[in-house]
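Trainee: Provided herewith is a single structure, encoded as structure tokens, for subsequent inquiry.
The values are calculated or read from the model by the stated rules, or taken from the named source; none is laboratory data. The structure presented is a predicted model; accordingly, all values stated were derived computationally and were not measured. When we count neighbours, we look across all protein chains shown, and the Cβ atoms used for this are built from the backbone with ideal geometry, even at glycine. Protein only, heavy atoms only, side chains kept; ligands, DNA and RNA dropped before computing areas. Shrake-Rupley method; radii C 1.70, N 1.55, O 1.52, S 1.80 Å.
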Amino acid sequence: MQFGKILALGLVLTLGGCASFTKDEVAPVTLPSMASYANKPNVYVDFDFYQGEPSAAAVEVPQARDSLKPQLQKILKDSGLFGRVTLDEFEKQPGDYSLRLKMYNHPPSAGSMVMAYISGFSMMVIPAYGTDQYTLSLESLDQNGQALAKASNHDAVGTWVGIWFIPLMGNTTKDAVNDTFTRQVNALLKQWVDTNNPKYSALETRIPRA
């Protein structure tokens, strides 16, 4: 039975069209402007990606983490909130903020597996639909690596597979995941600045106004 599932999924991926769409559960946010700050805080972000529900039982997936790292670096840079940004612990310097970001990709439901199986053996005439659910958490850490505050959000990407979706194959899974990931990260960054982070005005030097 397991071999049959694998075969069906293989047929779906190789023969049928695949189109992914964001669920847009997390709305885009406007991040606060730090243009008036002469010195922005530096930050080290510890990022991990897991397969499974948000719990100790989730399995770390380094390949997925590494594929999202360039997007995360871009998000952090484009946010304008920080000075120096690093995702490498060895580049962390004294005084840097420390944030821990965890992404959980929930496993597909049994129903999605059954639909993929049916779609595969119908030669993609019967479409299959699956949902990748993503829970993202952000923790601020003290100098000993202990969590000070934590927030999280949830979003998802839906994927249709079948011959009917060949014209929509430009809606790639990568683009949908990057879009969802960007909105989730930005929403958590805004929440961190608004509620969890000490006031920038108490820590940073503003550019003198004329």
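Trainee: What distance in nm lies between label points placed 7 Å from Cα along the C-beta direction at Q51 and T195?
Mentor: Inter-label distance under the simple model: 3.3 nm.
Trainee: If the chain between D175 and E25 were fully stretched, how many nm would it gain, using 0.36 nm times the residue separation less the Cα-Cα distance?
Mentor: 52.4 nm
Trainee: On to the next question. State in Å² the accessible area per residue of segment 12-94; use a 1.4 Å probe, count heavy atoms of protein chains only, and round to the nearest integer.
Mentor: Roughly 57 Å² per residue, with all protein chains present.
Trainee: Which lysines have a Cα less than 23 Å from the Cα of K174, not counting those fewer than 8 places away in the same chain?
Mentor: Cα-Cα hits under 23 Å: K23, K69, K74, K77, K102.
Trainee: If you don't mind, another one. When the accessible area of segment 17-110 is split by element with a 1.4 Å probe, what percent falls to carbon and sulfur?
Mentor: Of all accessible area on segment 17-110, carbon and sulfur atoms account for 52 percent.
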